[in-house]
Amino acid sequence: MKLKNKIKKKGFLFLIFAFFFGKISFLSPGSINLEQANKLENGSKEIEKTLVFAVSPNPLLLKALGSNVLVKKNIPEVISQSSQFKCSWASFTSTNNKTIDFCTHPFKDIVSGHIRRKHRWPDCDILPQIWNNEKKNESSIYIEIGANIGSCVMEMLLSTDANIIAFEPHPMNQFNLLSTVAKLPKEYKSRFLLYPIGLGNVKMNTTIYSAQNNMGNSNLGKFIEDYGSQTSKKELQFQVHVDLIKNVLRLDEINVPLMKMDAQGFECRILEGMGSPQAKKIKNIKFEYAKKWLDNQNCEDFLPRLRNFDFKVTLQNGKEVLTDNPNFKLKEMIAKKQK
């Protein structure tokens, strides 16, 4: 009898520990997406909450948040709970020659390796120019969808005065981005907020697959390789949460002079989850046209969809793209609002 009581007692204590640990562990980037839509009790009701990470977000960023969003501000605590992930620290230098410590992946990764060698990711260089050339007001926010490890976020933080909202669903990339943010001066931290979720046209949980040697090629729902023999290792795969942008952001409350979108073929679903009224708030979208990924995610009509939202699509040199499904393997493009 005493033995049975001891077993019962230990079992009960284990359940209490598991319950408590579960509540804490969902706050870490490494596990947040397993229970991204965390349910918090409010009396007899359960309210679905989307968690976002920020250190000291300013009033404008808070104004942009959806009604069911919970802000987690203790970034060092979040980072410490993801001890399975590591940084290889490098220096990052922006186009206006400001330098910070930057957390890159310690393993072979295209963007991480380039930053360690060249101290910047060149795809981001044009963003401050687009931002500075647009008319802005007190409600202007830069939105980045698919932030990866944060190279373009840092370029915009250091080179402009933009307030920034970023979306990045992969827990390992989240860890890098938050580790870099944690070491920034306060004036930068107040201008940044991260949603650790993916965006699409339906609310769901799905698997994110990342390519070996290229964490920038992270795909929702299916793996799309850069080349034929490339694989997605099991340790790079995670369950993540996907939501509609109109569910988590009050786009009607803000002005978006510039959005960067790099979603590996999920772009059409993101536009569907945005809707025409919300899209009207966006002046420019800088995006990567990656035909293989768009085709694999049934997004062959991405450019016509942008035009239906009154965007003119051009290459970065300003030349207009007139065809609906150009045969570019990979091309940086800009969609500019015409009305």
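The values are calculated or read from the model by the stated rules, or taken from the named source; none is laboratory data. Not measured: the values here are computed from a predicted model. We place every Cβ from the backbone using ideal geometry, glycine too, and count neighbours over all the protein chains shown. Areas reflect the complete protein model, heavy atoms only, side chains present, ligands, DNA and RNA absent. Shrake-Rupley method; radii C 1.70, N 1.55, O 1.52, S 1.80 Å.
Listed values, structure above:
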| item | result |
| --- | --- |
| Full-stretch length increase - Glu300, Glu77 - with 0.36 nm per residue and alpha-carbon distance subtracted | 76.1 nm |
| Per-residue SASA entry for Glu225, accessible area with 1.4 Å probe, Å² rounded to 10 | 50 |
| Cross-link reach list, aspartates and glutamates versus Lys108, counting only Cα pairs under 17 Å and skipping chain neighbours closer than eight places | Glu225, Asp226, Glu235 |
| Sequence-distant residues sharing a close amide H with Arg250 (under 5 Å, placed H) | Leu65, Gly66 |
| Rotationally averaged projected area of the stretch 136-201 (alpha carbon convex hull; nm²) | 4.7 |
| Ellipticity estimate at 222 nm from DSSP helix runs (n ≥ 4, -39,500 (n - 2.57)) divided over the chain, nearest 500 | -8500 deg cm²/dmol |
| Those trypsin sites (Lys or Arg not before Pro) in the stretch 194-258 that DSSP places in a loop and that have at most 10 other beta carbons within 10 Å | Lys233 |
| Convex hull projection area averaged over all views, the stretch 224-320, Cα basis, nm² | 7.7 |
| Rg over Rh [alpha-carbon atoms, Kirkwood Rh] for the stretch 220-277 | 1.07 |
| Charge context of Val52, other residues only, Cβ under 11 angstrom, K/R +1, D/E -1 | +3 |
| Gap separating the Cα centres of the stretch 237-313 and the stretch 197-231, nearest whole Å | 17 |
| With every protein chain in place, the stretch 59-144: carbon and sulfur % of accessible area (1.4 Å) | 49 |
| 26 Å Cα-Cα threshold exceeded, pairs from Lys186/Lys339; Lys233/Lys291; Lys189/Lys291; Lys72/Lys336; Lys86/Lys246 | Lys186/Lys339; Lys189/Lys291; Lys72/Lys336; Lys86/Lys246 |
| Per-residue HN-Hα couplings for the stretch 189-199 [Karplus 6.51, -1.76, 1.60; θ = phi - 60°; Hz; x = Gly/Pro] | 4, 5, 9, 9, 8, 10, 8, x, 9, x, 10 |
| Point-charge dipole on Cβ atoms (K/R +1, D/E -1) for the stretch 63-191, about Cα centre, debye to 20 | 280 |
| Accessible-area order (highest first, 1.4 angstrom probe) of the listed residues Met172, Met156, Met204 | Met204, Met172, Met156 |
| Local net charge near Arg116, Cβ-Cβ under 15 Å (Lys/Arg +1, Asp/Glu -1) | +3 |
| Pairwise label distance in nanometres, Asn137 with Gln316, each label 7 Å out on the Cα-Cβ vector | 3.1 |
| Per-q log10 I(q)/I(0), the chain, q = 0.14 Å⁻¹ (Debye; single scatterer per alpha-carbon; no solvent) | -1.14 |
| Surface accessible to a 1.4 Å probe, per residue, for the residues of the stretch 139-208, Å² | 20 |
| Loop chymotrypsin sites (Phe, Trp or Tyr not before Pro), the stretch 173-267, which have at most 13 other Cβ atoms in a 10 Å radius of their Cβ (DSSP) | Tyr227 |
| Rg/Rh (Cα only; Kirkwood hydrodynamic radius) as it applies to the stretch 162-300 | 0.97 |
| Whole-Hz couplings from phi, Karplus 6.51/-1.76/1.60, listed for the stretch 299-308; x for Gly and Pro | 10, 5, 9, 4, 5, x, 5, 4, 5, 5 |
